[in-house]
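Peer 1: Provided herewith is a single structure, encoded as structure tokens, for subsequent inquiry.
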Amino acid sequence: MIPCRIHDEPLHVVIDSTGLKVYGEGEWKVRQHGVSKRRTWIKVHLAVDTKILDIIGVEVTTPEWADDEVFEGLLNQIEGTIEQIDVDGAYDTHAVYEAASQRGARLIVPPRENAVPWDDDHPRTKALVAIAEQGMKEWKNSTGYYQRSLAENAMYRLKQLLGDRLASRLFETQVTEVHDRIAAMNIMTALGMPISDQVGTAAP
């Protein structure tokens, strides 16, 4: 378990994944061209508390693991009541919906392209109906889905503050290195997040 702050309010959680370099010149997009003989990156899956911005769940995998396959493992790390979980279309599977339901959480996930309805009362079916009526943009606004960008922001901070390359070459020690980095990042988050204010407007 990574150190993080705990509060009594129901959690709104956002989940996403990214890649970290291990060694060599492999990039995150190498997944589009198949797996090379040498592992050049690993996947880091994060769950973020939208209220306090702490990372409250982490899974580290090889590239072969799909995002939906580690979803339940992330939820098992989270203590307390989960009210809502926001994820992208890669998590639009029966197993993910079931895992969220077991925690009593509302899952907000844009249905995949060409998605078809499931059972009449299934959340995916209801999402398809709502999107058809409101449009995708309004549906995301009405569900609070845009807070998922906080997960992307956490990934950015992880790479900008602590680097996007791991020193370890053994997978076990890579996992430890990622956990150490996230623990440090949560400490920095607890100390205070930067506040940005607009000071002017761009010239036309």
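Peer 1: Can you tell me which residue within region 23-42, out of those that are touching a strand residue (DSSP E or B) at 6+ places or on another chain (Cβ under 6 Å) and modelled with pLDDT of 50 or more, is surrounded by the most Cβ atoms within 10 Å (Cβ to Cβ)?
Peer 2: W41
Peer 1: So which residues in region 95-122 are under 22 Å from H45 (Cβ atoms) and either under 16 Å from the mean Cα position of the chain (by Cα) or modelled with pLDDT under 95 (or both)?
Peer 2: Result: V96, Y97, A99, A100, A105, R106, L107, I108, V109, P110, P111, R112.
Peer 1: Now for a separate question. Can you find, within region 139-152, the residue that is farthest from L53 (Cα to Cα) among those that are polar (S, T, N, Q) and surrounded by 15 or more Cβ atoms within 10 Å (Cβ to Cβ)?
Peer 2: T143
Peer 1: Quick one: D120 ticks every box in (1) free of Cβ contacts under 8 Å to residues at least 24 places away in the same chain; (2) part of a helix (DSSP H, G or I); (3) surrounded by fewer than 18 Cβ atoms within 10 Å (Cβ to Cβ) except a single one, so which number is it?
Peer 2: Only one criterion in (1) free of Cβ contacts under 8 Å to residues at least 24 places away in the same chain; (2) part of a helix (DSSP H, G or I); (3) surrounded by fewer than 18 Cβ atoms within 10 Å (Cβ to Cβ) is unmet by D120, namely (2).
Peer 1: Now a separate question. Any idea which residue in region 78-93 is nearest to the chain's Cα centre (by Cα), counting only those that are surrounded by fewer than 16 Cβ atoms within 10 Å (Cβ to Cβ) and modelled with pLDDT of 95 or more?
Peer 2: Among them, the one singled out is E83.
Peer 1: Filter region 94-112 down to the residues that are crowded, with 18+ Cβ neighbours inside 10 Å and among the hydrophobic types (A, V, I, L, M, F, W, C) and list them by number.
Peer 2: V96, A99, A100, A105, L107, I108, V109 - these are the residues of region 94-112 that are crowded, with 18+ Cβ neighbours inside 10 Å and among the hydrophobic types (A, V, I, L, M, F, W, C).
Peer 1: Could you grab the pairs with beta carbons closer than 6 Å, sequence gap of 6+ or different chains, first residue in region 166-177 and under 16 Å from L46 (Cβ atoms), second one of a type in the set (V, I, T) and in a helix (DSSP H, G or I)?
Peer 2: none
Peer 1: Go through the residues of region 123-132 one by one and say whether even a single one is out of contact with any Leu (no Cβ under 6 Å at 6 or more places or on another chain), modelled with pLDDT under 90 and over 20 Å from M1 (Cα atoms).
Peer 2: No, every residue in region 123-132 fails to be out of contact with any Leu (no Cβ under 6 Å at 6 or more places or on another chain), modelled with pLDDT under 90 and over 20 Å from M1 (Cα atoms).
Peer 1: Among the residues of region 49-62, count how many are under 19 Å from T176 (Cβ atoms) and either more than 11 Å from the chain's Cα centre (by Cα) or outside any strand (DSSP E or B) (or both).
Peer 2: Selection size over region 49-62: 3.
Peer 1: I'm told E138 meets every condition in (1) at pLDDT below 95; (2) under 23 Å from the mean Cα position of the chain (by Cα) except one. Can you identify the failing condition by its number?
Peer 2: The one condition E138 does not meet is (1).
Peer 1: Contact list please: Cβ distance under 6 Å, first residue in region 135-164 and over 19 Å from T189 (Cβ atoms), second residue basic (K, R) and surrounded by 18 or more Cβ atoms within 10 Å (Cβ to Cβ), pairs at least six apart or on different chains.
Peer 2: Y146/K140
Peer 1: If I filter region 81-104 down to residues being of a type in the set (S, T, Y) and in a loop (DSSP other than H, G, I, E, B), which single residue comes out as nearest to G57 (Cα to Cα)?
Peer 2: Among those that are of a type in the set (S, T, Y) and in a loop (DSSP other than H, G, I, E, B), it is T81.
Peer 1: Testing A115 on (1) surrounded by 13 or more Cβ atoms within 10 Å (Cβ to Cβ); (2) assigned to a helix (DSSP H, G or I); (3) of a type in the set (A, V, I, L, M), one condition comes back false. Which one is that?
Peer 2: Only one criterion in (1) surrounded by 13 or more Cβ atoms within 10 Å (Cβ to Cβ); (2) assigned to a helix (DSSP H, G or I); (3) of a type in the set (A, V, I, L, M) is unmet by A115, namely (2).
The values are calculated or read from the model by the stated rules, or taken from the named source; none is laboratory data. The model shown is predicted, which means the values in this text are computed figures rather than measured ones. Backbone-built Cβ (ideal geometry, glycine too); neighbour counts: all protein chains shown.
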